[in-house]
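Everything below concerns the one structure shown next.
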Amino acid sequence: MRRLALFLCALCLAVPALAADYAKPDRKEVFGDTTVHYSAFTSSYLQPEVAAAAGLIRSKNQGVLNIAVIKSGKPATANISGTIKELGGAATPLSFKQISEQGAVYYIAQYKIDQQATFTFAIDVKTGDDSNSFSFDQELFPGE
């Protein structure tokens, strides 16, 4: 599990270099003392043992949204919800699961990628009494 946590942390920071949104290349949102890091990628980037440990389907047609919440400089737990929508399509709810290990906390959701498209992610993050929302667009390619 430690390898999984390290991999997801590295991926959260590295994937933006692979598919950065030009408007937000650092792939984070800051709300006061809370920072939300996020990355969306095709699950085929994951090593088979990492995908299995996280309970993810490793496939060229499955995407992963990874979110990490930092509050006052420390990893924080949160209630994460959100949707994914293809341009012109209906919004589909994302189902997040929490992964905690050795002080690191991540939230991951998996979604289907049928074809190359630009997807809009709408995310809600609740930490304690604070509730914040943000959205971002990302073009994703199946098979990569």
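The values are calculated or read from the model by the stated rules, or taken from the named source; none is laboratory data. Predicted model, so just to flag it, every value in this text is computed and none were measured. So basically every Cβ, Gly included, is an ideal-geometry build from the backbone, and we count neighbours across all protein chains shown.
Looking for something among the charged types (D, E, K, R), part of a strand (DSSP E or B) and within 20 Å of residue 41 (Cβ to Cβ) - is there at least one such residue anywhere in the range 66-74? Working first, answer last.
Going through the range 66-74, the residues among the charged types (D, E, K, R) turn out to be 71, 74.
Of the ones still in play, those that are also part of a strand (DSSP E or B) are 71, 74.
Filter again for within 20 Å of residue 41 (Cβ to Cβ), leaving none.
There is no residue in the range 66-74 that is among the charged types (D, E, K, R), part of a strand (DSSP E or B) and within 20 Å of residue 41 (Cβ to Cβ).
Yes or no: the range 47-60 includes at least one residue that is part of a strand (DSSP E or B) and in contact (Cβ under 8 Å) with a residue 24 or more places away in the chain. Even if it seems obvious, please write down each step before you answer.
The initial filter retains those residues of the range 47-60 that are part of a strand (DSSP E or B), namely none.
Checked against the condition, which is being part of a strand (DSSP E or B) and in contact (Cβ under 8 Å) with a residue 24 or more places away in the chain, the range 47-60 yields no hits at all.
How many residues does the range 75-132 contain that are part of a loop (DSSP other than H, G, I, E, B), of a type outside the set (D, E, K, R) and either within 27 Å of residue 33 (Cα to Cα) or touching a strand residue (DSSP E or B) at 6+ places or on another chain (Cβ under 6 Å) (or both)? Please lay out each step first, then the result.
Quick first cut of the range 75-132, residues part of a loop (DSSP other than H, G, I, E, B) only: 76-78, 87-91, 95-96, 102-103, 113-116, 128-129.
With the extra rule that they be of a type outside the set (D, E, K, R), the set shrinks to 76-78, 87-91, 95-96, 102-103, 113, 115-116, 128.
If we keep only those that are either within 27 Å of residue 33 (Cα to Cα) or touching a strand residue (DSSP E or B) at 6+ places or on another chain (Cβ under 6 Å) (or both) too, we end up with 76-78, 87, 91, 95-96, 102-103, 113, 128.
The number of residues fulfilling the criteria is 11.
With the checklist (1) surrounded by 14 or more Cβ atoms within 10 Å (Cβ to Cβ); (2) at pLDDT below 95; (3) aliphatic (A, V, I, L, M) in hand, flag the one item residue 10 doesn't pass.
It is condition (1) that residue 10 fails.
What's the total number of residues in the range 28-40 that are under 19 Å from residue 94 (Cβ atoms) and either touching a Lys or Arg at 6+ places or on another chain (Cβ under 7 Å) or touching a residue at least 60 places away in the same chain (Cβ under 8 Å) (or both)?
Of the residues in the range 28-40, the ones under 19 Å from residue 94 (Cβ atoms) are 28-29, 36-40.
Then keep just the ones that are either touching a Lys or Arg at 6+ places or on another chain (Cβ under 7 Å) or touching a residue at least 60 places away in the same chain (Cβ under 8 Å) (or both); that gives 29, 36-40.
Looking only at that region, the number is 6.
Kindly list the number of the only condition in (1) part of a strand (DSSP E or B); (2) touching a Ser or Thr at 6+ places or on another chain (Cβ under 8 Å) that fails for residue 143.
With respect to (1) part of a strand (DSSP E or B); (2) touching a Ser or Thr at 6+ places or on another chain (Cβ under 8 Å), residue 143 is out only on (1).
Among the numbered conditions (1) surrounded by fewer than 16 Cβ atoms within 10 Å (Cβ to Cβ); (2) under 17 Å from residue 28 (Cα atoms); (3) touching a helix residue (DSSP H, G or I) at 6+ places or on another chain (Cβ under 7 Å), tell me where residue 68 comes up short.
(1)
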